[in-house]
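Where a number appears in this text, it was derived from the coordinates with a stated rule and is not lab data. All figures in this text were calculated on a predicted structure; none of them were measured in a lab. FYI the Cβ positions are ideal-geometry reconstructions off the backbone, even for glycines, and counts take in every protein chain you see.
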Amino acid sequence: MTLTCKEAARMISEGLDRELPADEKLRLRAHLLVCRGCSALRERMEFLRRALRRNTDRDEA
Amino acid sequence: MSDPAEFRSEVEKQRPYLVRYATLQLRDPDAVQDVVQETLLAALAGESGFGGRSNLRTWLTGILKHKIVDTIRRQSREVAISGDMEGDGSEFDALFEANGHWREHPAAWTDPDSALSQRQFFQVLEECLKKLPMKTARVFMMREHLGSETAEICKEMSVTPTHCWVLLHRARMALQLCLDRNWFGK
């Protein structure tokens, strides 16, 4: 059962907040291997996390 | 810092930073003033608790985080935050075709981390954060700014874990779009 991009987008985000079940993780990985758009979205979301953490570090420096 | 006067002065110097930190999380200036005031009071009254073990700012931020979470807890008891404060996420439906594929797929940002050394970037980021619906912003900032675990956020905000993930997803979708339009897409 393959994922749509809409489903993949939700799972990319959820993966930042909880450990995804093994089957979802596998389906997401397969999707990301073939979908440039979702790979870019994942990078953007991971960047957001770094940016927010950096914002705090920056303040604390 | 054994001199009490020096300790007080060092604590007071951190006030602008604490205000900025609390504003990112709470938005409401009155609530910000309250939590910062409580934090300063707790710090000044409990000087012995500091003991120079850590950086003063880190120690104060630790106290402030607790005060912020207390405020959020109190507020979510006092006012049932209504639906319009979290949006319904329908604006993201337009990004996808009916079959669930991207209408226009997101492009990779070039060297995004170089933005992290630019003050202007963080101003844009803060503007983007302000555009989020209130509840969505609060959940997102608890997660990414305060660094809380989802379980704690759900409890404080009285939402189910599933709904918490939905709100976090909406926040990230909105923010990446906003940054794309206002920073990376330039």
Query raised in the report: Distance in nm between label sites at A:Glu43 and B:Asp70, each 7 Å beyond Cα in the beta-carbon direction?
Result: 4.5
Report task. Summarise the partner chain shielding of B:95-106 as one whole number: the mean count of Cβ atoms from other chains within 10 Å of each residue's Cβ. Result -> 5
Report task. Please work out the Cα center distance from segment B:111-127 to segment B:139-186, rounded to the nearest Å. Result -> 18
Report task. Would you compute, from DSSP H runs of 4+ residues alone, the mean residue ellipticity of chain B at 222 nm, taking -39500 (n - 2.57) per run and dividing by the full residue count, rounded to the nearest 500? Result -> -19500 deg cm²/dmol
Query raised in the report: On a 0 to 90 degree scale, rounded to 10, what angle separates helix B:29-45 from the longest Cα axis of chain B?
Result: 30
**Report entry** Proximal aspartates and glutamates to B:Lys130, defined as alpha-carbon separation beneath 18 angstrom and excluding residues fewer than eight positions away on the same chain
**Finding:** B:Asp28, B:Asp30, B:Asp84, B:Glu86, B:Asp88, B:Glu91, B:Glu144, B:Asp180
Report summary line: Between A:Met1 and B:Ala108, Cβ-based FRET efficiency (R0 25 Å, step 0.05) works out to 0.40
Report summary line: Mean separation of Cα contacts under 8 Å (at least 6 apart) over the residue count of chain A, i.e. the relative contact order in percent, is 36
Query raised in the report: Among the lysines, which have Cα under 17 Å from the Cα of A:Lys6 when same-chain residues fewer than 8 positions away are ignored?
Result: A:Lys25
Report summary line: Partner shielding of A:32-43, as the mean number of partner chain Cβ atoms within 10 Å, equals 4
Query - J(HN,Hα) series, segment B:145-160, from Karplus relation 6.51 cos²θ - 1.76 cosθ + 1.60, nearest Hz, glycine and proline x - result: 8, 7, x, 6, 7, 4, 4, 5, 4, 4, 5, 5, 8, 6, 10, 6
Query - Protection-proxy order for peptides B:94-104, B:59-69, each taking the mean of Cβ atoms within 10 Å per residue, highest first - result: B:59-69, B:94-104
Report task. Rounded to whole Hz and in sequence order, give me ³J(HN,Hα) for segment B:106-111 from the Karplus expression 6.51 cos²θ - 1.76 cosθ + 1.60, θ = phi - 60°, writing x for Gly and Pro. Result -> x, 8, 5, 7, 7, 6
Report summary line: So the angle from the long Cα axis of helix B:15-26 to the longest Cα principal axis of chain B, reported in degrees to the nearest 10, equals 40
Query raised in the report: Given springs between every Cα pair under 10 Å in a Gaussian network model of chain B, which of B:Thr136, B:Thr162, B:Thr39 has the largest fluctuation?
Result: B:Thr162
Query raised in the report: Under the definition of partner shielding as Cβ atoms of other protein chains within 10 Å of a residue Cβ, what is the mean value for peptide B:57-66?
Result: 1
Report summary line: For B:Phe96, the residues 5 or more places away or on another chain with a placed amide H closer than 5 Å to its own amide H are B:Arg103
Report summary line: Once phi for every residue in segment B:113-120 is put through the Karplus expression 6.51 cos²θ - 1.76 cosθ + 1.60 (θ = phi - 60°), the whole-Hz ³J(HN,Hα) values, with Gly and Pro written as x, are 5, 5, 5, 5, 9, 10, 4, 4
Query raised in the report: Expressed as a rounded percentage, what relative contact order does chain B have, with Cα pairs under 8 Å and six or more residues apart?
Result: 20
Report task. Report the Cys residues of chain A lacking a disulfide-compatible partner, meaning no second Cys Cβ under 4.7 Å from their Cβ. Result -> A:Cys5
